[in-house]
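Structure first, commentary second.
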Amino acid sequence: SSFFFFLLLASSANTKTILRMFRYSTLPFLRTIGPRTCDAHHSTTAIPQRPADYIICGGTGLIGTELCRQLLEKDRGHELNVAVLSRNPERSSSTWKEKRFPGEQRIQLRKWDAHTGTGWSDLIGANSVIVNLCGENLGSTPLWTEAFQRRVVDSRVDSVGAVRHAIQQAATKPLAVLQGGAVGIYPDAGDLLLVDDHPSGNEPTLDMEARAHLSGRDAGTEFRRYTCQQLEEATRRAAEQTGVSYTVLRTGVVLSGEDGVLPRMQLGALTCSRFGSGQAFVPWIHVKDAAAAIAFLAEQPPVAAAGCVDAVNIVAPHSATNAELMKLLTARWLGRLANWYPRLPIPEAVLRLSGPISSLFLDSQRVVPTKLTERNFPFTFATIEEAVRAT
């Protein structure tokens, strides 16, 4: 049933299993989905020991990998020094670097514990830009238990503290810090346009104790807002204590054909036409634009003064409703067959049975990238049609 596929959407583990089932399908209307790899080769050239131009926390994830790729492509002189922090650099070297960037000497992996600056503060130089994309994945489980919620909040706040600690240990301050955040800071707002500095992002939220009486979608909405506000409050404290310019990246739903939410939604599109009314706005962005926007902001002079924080919406300029997105995904899978292929909506009442995670599918957030547009950022995928075609 449609609800069965909704539960699959909420579980990355189940999704990977299903994708493996479909990967080598011979049905003509199903496209092959799978990670792209390239032939490995090795180099013995030593990495120059100097401050890193970019220090990326959480760099082996979806956005971090694309960011590394784009930074290296721009580096025509092969002089860039990118440091990617990992809790287990030996494993990341074999499972990530050698598969994504085989033999690439401009990327170095450095160990960190995601709590302190121990072991990597020497990477920081006066021209370094730190990009922190670290945090527990909300989609890693469909069950948002109290323990899971604490891990989500702590993983984000602790990583902010780790960056602050490293800056305080370093011999010199970095140029800027780009701190990963999310559009979850905004409430369920219907078709209201949510610009970067919209006051709703600062409205007080309920803490874990106060949220205990909430259930289902409402609990999920408040949890996401609380998480984002805790992260941004920690970021403000870090900026004040270090005297460094910070930018919070309020990122939307990242679309990629290789990982993230899109492969899961593609499976759901085979049976589901929409979630709830289908009119909820999805604040999306293609992974290539998300990474390009981060690189773009890193190359610009910091907008926030030293010790202050700026917030930027990392979303596409044209929002889409979940019904529009599901329709496009069905057409992508089935082509002309999509016009007659039977699908059913999942009613809101049914979605609420899944608990707090239902807020991801029912909340409407029409977020607009006002600051990126004002700064003339060139979106490659401005519309949802372009983004879906490219995945």
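Can you give me the % of accessible surface on region 122-211 that is carbon or sulfur? Probe 1.4 Å, all protein chains present, nothing else counted. Heavy-atom surface of region 122-211 belonging to carbon and sulfur, 1.4 Å probe: 52 percent. Quarter the surface of the alpha carbon convex hull of region 149-195 and you get the mean projected area, 4.8 square nanometres. The C-alpha radius of gyration of region 256-317, expressed as a fraction of 2.2 N^0.38 Å, stands at 1.56. Only one residue of 147, 157, 179 has its Cα farthest out toward the positive end of the dipole of region 133-185, where Lys and Arg carry +1 and Asp and Glu -1 on Cβ, and that residue is 179. Once the mean of 1/r is taken over each pair of separate Cα atoms and inverted, region 248-391 shows a Kirkwood hydrodynamic radius of 16.3 Å. When 99, 327 are compared by accessible area of protein heavy atoms, the largest-first order is 327, 99, using a 1.4 Å probe.
Between residue 241 and residue 306, full extension at 0.36 nm per residue minus the direct alpha carbon distance yields a gain of 22.4 nm. Assuming R0 = 41 Å, what is the FRET efficiency of residue 200 and residue 99, from their Cβ-Cβ distance, to the nearest 0.05? It comes to 0.50.
Within the straight-line cut-off of under 23 Å between alpha carbons, the lysines reachable from residue 74 are 97, 99, 288, sequence neighbours fewer than 8 places apart in one chain being disregarded. Eigenvalues of the alpha-carbon gyration tensor of region 53-184, scaled by 5 and square-rooted, set the equivalent ellipsoid semi-axes at 25, 19, 13 angstrom, largest first.
The values are calculated or read from the model by the stated rules, or taken from the named source; none is laboratory data. Since the model is a prediction, treat every value here as computed from it, not as a measurement. In this analysis, Cβ positions are derived from the backbone assuming ideal geometry, glycine residues included, and neighbour counts consider all displayed protein chains. Side chains are part of the model used for accessible areas, which takes the heavy atoms of the whole protein and leaves out ligands, DNA and RNA. Shrake-Rupley method; radii C 1.70, N 1.55, O 1.52, S 1.80 Å.
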